[in-house]
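The values are calculated or read from the model by the stated rules, or taken from the named source; none is laboratory data. As the structure is a prediction and not an experimental result, all values here were calculated from the model. Ideal geometry is used to build each Cβ from the backbone, glycine not excepted, and the neighbour counts take in all protein chains shown. Heavy atoms of the whole protein, side chains included, go into the accessibility calculation; ligands, DNA and RNA do not. Shrake-Rupley method; radii C 1.70, N 1.55, O 1.52, S 1.80 Å.
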Amino acid sequence: MGICVIVPAYNAGKTIAAVAEEALSSGFPLLVVDDGSKDATIARIEHLPLNILTHRQNLGKGAALRTGFAWALMHGYEGVVTIDADGQHDVAAIRLLAEAAREKGVDILIASRFSQFEQMAGLRSFWNRFGVWCMRKRTGFEISDSQSGFRYYSARLLRGMELAASGYDLEMEILMKAWRGGFMIGSLPIAPRVADGRATSHYRPVRDTWNICMTFLKYMRT
(Lines give C-alpha, C1' and ligand atoms only; values in the text may rest on other atoms or scores of the structure.)
Protein backbone atom coordinates (compact mmCIF):
# COMPACT_ATOMS: atom_id res chain seq x y z
CA MET A 1 0.00 0.00 0.00
CA GLY A 2 3.04 2.33 0.09
CA ILE A 3 2.38 3.33 3.69
CA CYS A 4 4.76 3.70 6.63
CA VAL A 5 4.18 4.18 10.36
CA ILE A 6 5.73 7.12 12.23
CA VAL A 7 6.13 7.19 16.01
CA PRO A 8 7.38 10.43 17.61
CA ALA A 9 9.07 9.52 20.89
CA TYR A 10 10.47 11.47 23.83
CA ASN A 11 11.73 9.71 26.97
CA ALA A 12 9.54 6.73 26.08
CA GLY A 13 11.90 4.03 27.31
CA LYS A 14 9.19 2.31 29.36
CA THR A 15 6.74 1.88 26.49
CA ILE A 16 8.48 2.27 23.12
CA ALA A 17 9.62 -1.34 22.69
CA ALA A 18 6.12 -2.78 23.03
CA VAL A 19 4.66 -0.10 20.75
CA ALA A 20 7.36 -0.62 18.11
CA GLU A 21 7.12 -4.41 18.15
CA GLU A 22 3.35 -4.32 17.72
CA ALA A 23 3.57 -1.64 15.03
CA LEU A 24 6.01 -3.81 13.09
CA SER A 25 3.50 -6.66 13.17
CA SER A 26 1.23 -4.51 10.95
CA GLY A 27 3.63 -5.26 8.11
CA PHE A 28 4.33 -1.59 7.33
CA PRO A 29 7.80 0.01 7.54
CA LEU A 30 8.30 1.82 10.84
CA LEU A 31 10.12 5.07 11.62
CA VAL A 32 10.72 6.20 15.20
CA VAL A 33 11.72 9.85 15.57
CA ASP A 34 13.54 10.22 18.88
CA ASP A 35 12.99 13.79 19.99
CA GLY A 36 16.08 14.30 22.11
CA SER A 37 15.33 11.62 24.69
CA LYS A 38 17.55 11.44 27.75
CA ASP A 39 16.51 7.94 28.79
CA ALA A 40 16.90 4.53 27.14
CA THR A 41 14.39 5.09 24.34
CA ILE A 42 16.86 4.29 21.55
CA ALA A 43 18.50 1.42 23.42
CA ARG A 44 15.11 -0.31 23.78
CA ILE A 45 14.51 -0.47 20.02
CA GLU A 46 17.86 -0.38 18.22
CA HIS A 47 17.79 -4.18 17.79
CA LEU A 48 14.49 -4.07 15.92
CA PRO A 49 14.10 -3.88 12.10
CA LEU A 50 13.00 -0.28 11.97
CA ASN A 51 14.29 3.17 11.05
CA ILE A 52 15.42 5.73 13.64
CA LEU A 53 15.96 9.47 13.31
CA THR A 54 17.20 11.48 16.28
CA HIS A 55 16.93 15.12 17.32
CA ARG A 56 19.93 16.20 19.36
CA GLN A 57 17.62 18.13 21.68
CA ASN A 58 13.94 18.04 22.53
CA LEU A 59 12.07 20.13 19.93
CA GLY A 60 8.48 18.99 20.53
CA LYS A 61 6.04 16.44 19.15
CA GLY A 62 5.18 18.60 16.16
CA ALA A 63 8.83 18.96 15.20
CA ALA A 64 9.29 15.19 15.46
CA LEU A 65 6.27 14.62 13.21
CA ARG A 66 7.56 17.13 10.65
CA THR A 67 10.89 15.28 10.59
CA GLY A 68 9.03 12.03 10.05
CA PHE A 69 6.84 13.46 7.28
CA ALA A 70 9.89 14.76 5.41
CA TRP A 71 11.50 11.31 5.64
CA ALA A 72 8.36 9.57 4.38
CA LEU A 73 8.01 11.92 1.40
CA MET A 74 11.68 11.57 0.56
CA HIS A 75 11.25 7.78 0.46
CA GLY A 76 8.19 7.97 -1.76
CA TYR A 77 5.48 6.67 0.57
CA GLU A 78 1.88 7.31 -0.47
CA GLY A 79 0.71 7.85 3.09
CA VAL A 80 1.71 7.63 6.73
CA VAL A 81 0.07 6.47 9.94
CA THR A 82 1.13 8.30 13.09
CA ILE A 83 0.83 6.78 16.54
CA ASP A 84 2.00 7.93 19.97
CA ALA A 85 4.83 6.22 21.83
CA ASP A 86 3.13 5.96 25.23
CA GLY A 87 1.03 2.90 24.44
CA GLN A 88 -2.40 4.53 24.79
CA HIS A 89 -3.49 3.73 21.22
CA ASP A 90 -4.67 0.39 19.85
CA VAL A 91 -1.60 -0.30 17.73
CA ALA A 92 -3.21 -3.47 16.36
CA ALA A 93 -5.62 -1.21 14.42
CA ILE A 94 -2.91 0.39 12.24
CA ARG A 95 -3.78 -1.66 9.17
CA LEU A 96 -7.50 -1.13 9.74
CA LEU A 97 -6.99 2.66 9.76
CA ALA A 98 -4.76 2.61 6.68
CA GLU A 99 -7.11 0.44 4.65
CA ALA A 100 -10.17 2.44 5.70
CA ALA A 101 -8.45 5.66 4.61
CA ARG A 102 -7.76 4.21 1.21
CA GLU A 103 -11.33 2.93 0.81
CA LYS A 104 -12.84 6.26 1.89
CA GLY A 105 -10.47 8.25 -0.31
CA VAL A 106 -9.69 10.74 2.47
CA ASP A 107 -6.46 12.66 3.06
CA ILE A 108 -6.74 12.52 6.85
CA LEU A 109 -8.43 9.75 8.82
CA ILE A 110 -8.49 10.16 12.59
CA ALA A 111 -8.80 7.19 14.93
CA SER A 112 -11.58 8.64 17.07
CA ARG A 113 -11.70 8.22 20.86
CA PHE A 114 -15.17 9.77 21.05
CA SER A 115 -16.71 6.79 22.84
CA GLN A 116 -14.37 7.39 25.78
CA PHE A 117 -14.44 11.18 26.09
CA GLU A 118 -16.39 10.92 29.34
CA GLN A 119 -13.45 9.01 30.88
CA MET A 120 -11.01 11.83 30.14
CA ALA A 121 -10.19 14.31 32.86
CA GLY A 122 -10.59 18.08 33.03
CA LEU A 123 -9.32 20.14 30.12
CA ARG A 124 -8.77 17.15 27.84
CA SER A 125 -12.41 16.14 28.03
CA PHE A 126 -13.62 19.74 27.60
CA TRP A 127 -11.35 20.59 24.69
CA ASN A 128 -12.03 17.36 22.82
CA ARG A 129 -15.78 17.97 22.93
CA PHE A 130 -15.47 21.70 22.28
CA GLY A 131 -12.88 21.18 19.56
CA VAL A 132 -15.12 18.74 17.71
CA TRP A 133 -18.05 21.19 17.91
CA CYS A 134 -15.88 24.08 16.67
CA MET A 135 -14.45 22.08 13.79
CA ARG A 136 -17.91 20.97 12.67
CA LYS A 137 -19.37 24.48 13.03
CA ARG A 138 -16.56 26.20 11.14
CA THR A 139 -15.48 23.64 8.56
CA GLY A 140 -18.46 21.32 8.16
CA PHE A 141 -16.31 18.24 8.69
CA GLU A 142 -18.16 15.50 10.55
CA ILE A 143 -15.25 14.34 12.69
CA SER A 144 -15.69 13.12 16.25
CA ASP A 145 -12.16 13.64 17.64
CA SER A 146 -9.91 16.56 16.73
CA GLN A 147 -6.90 15.69 18.89
CA SER A 148 -6.18 11.98 18.56
CA GLY A 149 -2.54 11.37 17.62
CA PHE A 150 -3.48 8.11 15.88
CA ARG A 151 -4.02 9.28 12.30
CA TYR A 152 -3.56 8.54 8.63
CA TYR A 153 -2.19 11.30 6.36
CA SER A 154 -1.91 11.09 2.58
CA ALA A 155 1.34 12.09 0.91
CA ARG A 156 -0.72 14.36 -1.34
CA LEU A 157 -1.75 16.36 1.71
CA LEU A 158 1.72 16.45 3.25
CA ARG A 159 3.25 17.67 0.01
CA GLY A 160 0.57 20.32 -0.33
CA MET A 161 1.19 22.31 2.85
CA GLU A 162 3.96 24.00 4.80
CA LEU A 163 3.84 23.24 8.51
CA ALA A 164 5.27 25.45 11.25
CA ALA A 165 4.14 24.26 14.71
CA SER A 166 6.52 22.29 16.89
CA GLY A 167 4.24 21.14 19.69
CA TYR A 168 0.95 19.31 20.04
CA ASP A 169 -0.70 22.14 18.13
CA LEU A 170 0.78 20.80 14.87
CA GLU A 171 -2.10 18.34 14.62
CA MET A 172 -4.62 21.18 14.77
CA GLU A 173 -2.57 23.20 12.28
CA ILE A 174 -2.78 20.29 9.83
CA LEU A 175 -6.55 20.02 10.22
CA MET A 176 -7.13 23.71 9.64
CA LYS A 177 -4.78 23.92 6.66
CA ALA A 178 -6.32 20.77 5.21
CA TRP A 179 -9.74 22.40 5.45
CA ARG A 180 -8.49 25.55 3.75
CA GLY A 181 -6.75 23.48 1.07
CA GLY A 182 -9.85 21.50 0.17
CA PHE A 183 -8.57 18.16 1.45
CA MET A 184 -10.92 15.49 2.78
CA ILE A 185 -10.95 14.65 6.49
CA GLY A 186 -12.75 11.78 8.19
CA SER A 187 -12.77 9.78 11.41
CA LEU A 188 -13.04 6.11 12.28
CA PRO A 189 -14.12 4.89 15.76
CA ILE A 190 -11.15 3.14 17.35
CA ALA A 191 -11.17 3.16 21.14
CA PRO A 192 -7.78 3.73 22.78
CA ARG A 193 -6.42 1.21 25.24
CA VAL A 194 -6.10 3.99 27.82
CA ALA A 195 -8.76 6.70 27.54
CA ASP A 196 -6.89 9.53 29.26
CA GLY A 197 -3.34 8.89 28.17
CA ARG A 198 -0.60 7.57 30.43
CA ALA A 199 1.60 8.97 33.15
CA THR A 200 4.42 8.88 30.58
CA SER A 201 2.59 11.33 28.30
CA HIS A 202 4.30 14.72 27.96
CA TYR A 203 1.07 16.59 27.19
CA ARG A 204 0.79 19.69 29.41
CA PRO A 205 -2.96 20.16 29.95
CA VAL A 206 -3.02 23.95 30.37
CA ARG A 207 -0.22 25.13 28.06
CA ASP A 208 -0.78 22.64 25.26
CA THR A 209 -4.56 23.02 25.33
CA TRP A 210 -4.11 26.80 25.12
CA ASN A 211 -1.74 26.48 22.15
CA ILE A 212 -4.18 24.19 20.35
CA CYS A 213 -7.05 26.65 20.94
CA MET A 214 -4.95 29.56 19.67
CA THR A 215 -3.98 27.60 16.57
CA PHE A 216 -7.62 26.91 15.81
CA LEU A 217 -8.55 30.56 16.22
CA LYS A 218 -5.59 31.72 14.12
CA TYR A 219 -6.56 29.71 11.08
CA MET A 220 -10.27 30.25 11.58
CA ARG A 221 -9.78 34.01 11.26
CA THR A 222 -7.34 34.07 8.35
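Among the residues of region 37-45, are any modelled with pLDDT of 95 or more, among the charged types (D, E, K, R) and either closer than 22 Å to R156 by Cβ or in contact with a helix residue (DSSP H, G or I) (Cβ under 8 Å, 6 or more places away or on another chain) (or both)? Yes; the residues of region 37-45 include at least one that is modelled with pLDDT of 95 or more, among the charged types (D, E, K, R) and either closer than 22 Å to R156 by Cβ or in contact with a helix residue (DSSP H, G or I) (Cβ under 8 Å, 6 or more places away or on another chain) (or both). Can we say L73 is touching a helix residue (DSSP H, G or I) at 6+ places or on another chain (Cβ under 8 Å), of a type in the set (A, V, I, L, M, F, W, C) and surrounded by fewer than 23 Cβ atoms within 10 Å (Cβ to Cβ)? It is true that L73 is touching a helix residue (DSSP H, G or I) at 6+ places or on another chain (Cβ under 8 Å), of a type in the set (A, V, I, L, M, F, W, C) and surrounded by fewer than 23 Cβ atoms within 10 Å (Cβ to Cβ). If you go through region 51-66 and keep only what is in a loop (DSSP other than H, G, I, E, B) and surrounded by 15 or more Cβ atoms within 10 Å (Cβ to Cβ), you end up with N58, L59, G60. Of all the criteria given as (1) modelled with pLDDT under 90; (2) assigned to a loop (DSSP other than H, G, I, E, B), the one not satisfied by L123 is (2).
Residue check: is A17 open to solvent by less than 30 Å² (accessible area, probe 1.4 Å), small (G, A, S) and on the phi < 0 side of the Ramachandran plot? The answer is yes for A17.
The rows are residues; the columns are (1) touching a helix residue (DSSP H, G or I) at 6+ places or on another chain (Cβ under 6 Å); (2) surrounded by fewer than 22 Cβ atoms within 10 Å (Cβ to Cβ); (3) modelled with pLDDT of 70 or more.
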residue	(1), (2), (3)
V132	no, yes, no
M135	no, no, no
T139	yes, yes, no
E142	no, yes, no
G149	no, no, yes
S154	no, no, yes
A164	no, yes, yes
E171	no, no, yes
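Here is the figure for region 12-54: residues that are out of contact with any Gly (no Cβ under 9 Å at 6 or more places or on another chain) and polar (S, T, N, Q) total 3. Filter region 1-50 for residues that are in a loop (DSSP other than H, G, I, E, B) and of a type in the set (V, I, T) and give the result. Residue satisfying the conditions is T15 alone. For region 47-80, residues that are farther than 12 Å from V33 by Cα and hydroxyl-bearing (S, T, Y) total 1. Of the residues screened, V33 is not one that is within 20 Å of P192 (Cβ to Cβ), within 17 Å of the chain's Cα centre (by Cα) and buried (at least 24 other Cβ atoms within 10 Å of the Cβ). Got at least one residue in region 76-88 being aliphatic (A, V, I, L, M), open to solvent by less than 60 Å² (accessible area, probe 1.4 Å), touching a residue at least 40 places away in the same chain (Cβ under 8 Å) and outside any loop (DSSP other than H, G, I, E, B)? Yes, the conditions are met somewhere in region 76-88.
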